Every structure is written in C-alpha cells, then in structure tokens.
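Notes for the one structure printed next.
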Amino acid sequence: MAVTGKLWTPEERLNYIDAFIKVDGKDIDLDFWQEHFIKSNFKYSVLLKSRRTGYSFATGLKGFVKAMDPARIKYVKQFVSYNEDDAKEKINYVKEFYNSIQKKYKKKIISDTKTQLEFLDANGKTTSRLISIACRPPRGKGGDISFDEMGIYPANKARLIYTAGLPVIARGGCVEAGSTPLGKIGTFYEIWIDKNKYPEYARFSVPWWFSSSLCTNVDEAVKLCPNMDTEDRVMLLGSESLKSIFNSMFLEDFQQEFECSFVDSASSYITLDLIHANTPGMRPEDREAELGDEDEESDIEIHVFKDVDSLLLGYDPEVHGRIYLGYDVARRRDAAVVFVIGITKDGKKRSVAEIEMTNKEFEFQLDVIRKIMKNLPVVRGSMDQTGQGEPLCETLQKEFGAAKIEGVIFSPESKEMLAIGVRSGLEKREFLLQNDPKFHKQIHSIKRMTTIAGRFRYDSQRDEQGHSDSFWAWALANSAIIDSVKTSGGGFYGQYSKSKDGAKVEKAPKYATPAILSRIGRIRS
C-alpha cells in the first residue's frame, strides 16, 4: 500500500459514508460502536461481539471506504470468513455500497468477481483490491486483514490461518479479529483473554445492548446494562425479538451468543472438531488443497439442496448415489425438516438436501415426501412418528410400504440410539457434511444429560432457529441407512450363511458400503 497526498481523516471517512453511501436506498444509520470501529487506526484490534450486531457489515464498509480514498493506492484488504457463502456475502455488501455512489465520487471498478473487487486508483496506473476468502490461510498479498468469526474457525486451522495472516501486514496494514465466542478454547479465545501474550491488541466488547436492532434504547442500556442481571436487562431494554430468543434458550447459551460470554462447551455430546473432521474444506487433509491460488473459488464444499424442486432437478446419481431420507415432523412451533443423505461410490454418507418447512400444512409436507419418493431412488426413509407424526407415518406407509418408510416414536431410548448412530459415524468419518454454521451448531448443541433415574437424555434447548430440527432429521436419515442393513437379510451386526463345513461365514448386506461395513460387529458396551 502507498500514499499519494493526504489520507482521509477518521472523521472524513464517516463524512464520505454519510454523504454518498446508501443501503436499500436509504442513508446508513451506524451504531455508535460501528462509527468508532470505522474511525479506528489500531494496528491490532480484537472485537468480541454479540450475534446480529453488524460486524461483517462494518468491517466490509471500513475496507471499502479506505479503498475509495483518492490518496491511497495499491490498497489491499483481505477478509477471511468462516465459509464460502459468508466470504461472498462480504463482497455483496461492498457491491451495494459501490453501486449507491455517484460515479464522480468513486474509483472505477475494473474487476468484479464473487470473491474480489478491483478498483483503478486515482493515478490511473495502479489498483486497489478487496478480497474475500473462505476459511483458509491468506497468502501472497500485503495490506489489511480481517478475520471474521475467528472463534468459529476449526481448531486445527485457526492457528494456521492466523500465522499465515500476520505476515500480510509486514509492510504496513492492520489486523482485525472479530467473533462471537464459542467455548474457552482456540486462537481467538487466547488472543482475547491473554493480554500478556498478546499485548499489542486493542480489545473491544460489543454486547447486544450496543445494537439498535436488538435494544430499544442504546444510550440508556450502555449506562444500565453492565450492572444488571441478564434477565433483567433483556426484559427492560431488549427488543421483542430478543426477548423471544431469550425465552427459548438456555441462559448460558444466550450469554454466549449475545452477551460476549465464553462458555465451556464440554457438555456437548458431539465436539466441533468431530463435526469439522467430517466437513470437506475443513478437514485436515483438505488443508494442503486450500493453499493454492487464493483467488480461485474452491469447489471442495458440499452444497445441499434447500427445496424439493431444486433437489429433483439437481440430483445426480453419479455424485449423490442411492439416497435415504429422514423426516422430523412439526407444524407450528418448530420447523419440519426433510434431510436427504446419499451414499457415494466410496461409501461416504453425503449430505444431499436439507428442506426446512416452517408453518407448512401437513398435506404440503406429505407432498414433498411423495415427490422425493416417486422421482428419486430412495432406498429407505425414517420419520418421527410421535404424536402428530402418527397419522402422517400411517399415510406414507400405506402409499409406499412399511419397508420403505419406518416410523420412530421419539423417546429417551430412541433418541439415544439416533444420537449414538451419528456420533459413531462421525468418529469413523463416514459423513460428508455441508459447511453450514447453523447446521453445525445444531449438531454441537446436543447435550447428554443425566436424568433423576440415572439414565441419559439427549436433546438441546429450543432457540431462535428451532429445536435442532435438522439434527434429528439428519439422524433419522442416518438411521434409515442403518436399518436398511438390518432388513436386508440377517441383522445389522452381521449377515451369515452356512459354509459346507457348517461354520458361519459373514455375508455383506445388500446395501452395505465400506463405511457401513466398518460398523458390522461393533456393539455398544
């Protein structure tokens, strides 16, 4: 990065935003902390934040305004995001900023991709760039760098990404690390908590009451909330939406998601590391593949279909293989979810579709199942038969047969088997999961709790995104795979036929894959 003339002052950055940039056709109304962040010139800053406070928006806006400064040439800012979709979202923000400005007040854009924008500098010779990459080490370019949702980076990659990112600023630039907390582990947690090891960082905390979209009176809240209990401040100054979220979550989960509190996640039944080990793009073996040309978009992620029509059009037997489905029934309070898993040629259980249906009538839900069953090679389906699921299960079994549609009555025992089934598969790295923070969070939210009777209960607390509906639909689909082995002639733990000498010889079940076969003979102690 170089300078020709006098750079904009921090106040002039805000003036440029106020004068020229619009979002949704309206002037930008920044929260006070966003203004301070955009004006700041710290070489190292770490920001611990609540969900939904606008950090991605603010860091994108700050980089864009610096890129538009006529005196700044060869400017580069790299955004490192949790996944590819979030990386593209940064550039979408910037494009909206850019398109709202009159031509004479902005640099000319000369390159426009989903993950990069390049502008011709005022000297007409050099260019400035904004680059947004998925969760991989940044390389080859100097300038500013922003680690977005750094606390959610997989543990085996966070340190690698951070270490590769620091040399970016060797010839000038700044480091911004921002994230919601996620457990008392990881590089982000270390940077935030260890002031002796990381003394160069300026530290900022942005709880929910700093945001006008979550708080009814930010000025009053900044004064009062730090000295109040969580429930009291939410009920007094939280928005109606925030109050609803608070009433639907465990207290410690709310404090982590919205009040910048690091919570020990040891009680989670399935660890994030285990989830990431089954997620292409986040697995250790994918690391080397991601060290290539950082301007190239990666195709390594698993993309799932979100509605039935897209599934029917996009299904590819060569890619997705034979498929199995799970159906978690709901009508009003939670989302009904149909989850489809495909068995690939190498025996992996690949996520194919995650179809959420909120407030959809049961007939609509049944039609979704019918379309899948009639048009795709579904080996078996497993569905929630509890309560309102009973008549739906009966209807589908009459239409497609009990051998095709299995009903599962949710109970502590059945949920335990479902949870054990997916965890066992994750431990054996049988799955190819989509890189979706919401889905990962649902898996991670499942806790194994001890009941008064001394038994285990597997469940999660309902939150603003439901009651782990996708997790149970996914677990049901996995159960359908396991049950297809059971019913193919001899049971899950082994298929036997008699040899000539009378000894039992193990025979592979009809739908067995290498991953499934690895489970034969394993009995939970």
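Here, each number is a calculation from the coordinates, and none is a lab measurement. None of the values given here were measured: they were computed from a predicted structure. Cβ coordinates were reconstructed from backbone atoms using ideal geometry, including for glycine residues, and neighbour counts include every protein chain displayed.
Near the amide H of residue 72, within less than 5 Å, lie the amide hydrogens of 4, all on another chain or at least 5 residues away, with H placed in the peptide plane.
Directionally averaged projected area (segment 2-206, Cα convex hull): 10.9 nm².
For the listed residue pairs 243/438; 62/106; 415/438, the alpha carbons are over 18 angstrom apart in 243/438; 415/438. Measuring against 26 Å, Cα to Cα, the residue pairs 157/441; 26/108; 88/348 contain 88/348 as the ones spanning a longer distance.
If R0 is taken as 45 Å, the Cβ-Cβ distance between residue 236 and residue 15 corresponds to a FRET efficiency of 0.80.
Per-residue Karplus couplings for segment 432-437, computed as 6.51 cos²θ - 1.76 cosθ + 1.60 with θ equal to phi - 60°, are listed in order as 10, 8, 6, 8, 10, x Hz, Gly and Pro entered as x.
Distance between the pseudo-spin-label points of residue 23 and residue 40 (7 Å out from Cα toward the beta carbon): 1.8 nm. Under 15 Å of direct C-alpha separation, and excluding same-chain neighbours fewer than eight residues apart, residue 447 reaches these aspartates and glutamates: 252, 253, 264, 413, 416, 459, 463, 469.
Once the Cα-Cα distance is subtracted from the 0.36 nm per residue extended length, the residue 155 to residue 102 segment shows a gain of 14.7 nm. Starting from the Cα of residue 222, step 7 Å along the direction of its Cβ; do the same at residue 200; then give the gap between the two resulting points in nm. About 3.0 nm separates the two model spin labels.
Counted residue by residue at 0.36 nm each, then reduced by the alpha carbon distance between them, the extension gain from residue 244 to residue 123 reaches 38.3 nm.
Model label points for residue 109 and residue 332, set 7 angstrom from Cα along the Cα-to-Cβ axis, are 4.6 nm apart. For segment 291-486, the relative contact order is 27 percent, taking Cα pairs closer than 8 Å that sit 6 or more residues apart in sequence and dividing their mean separation by the residue count.
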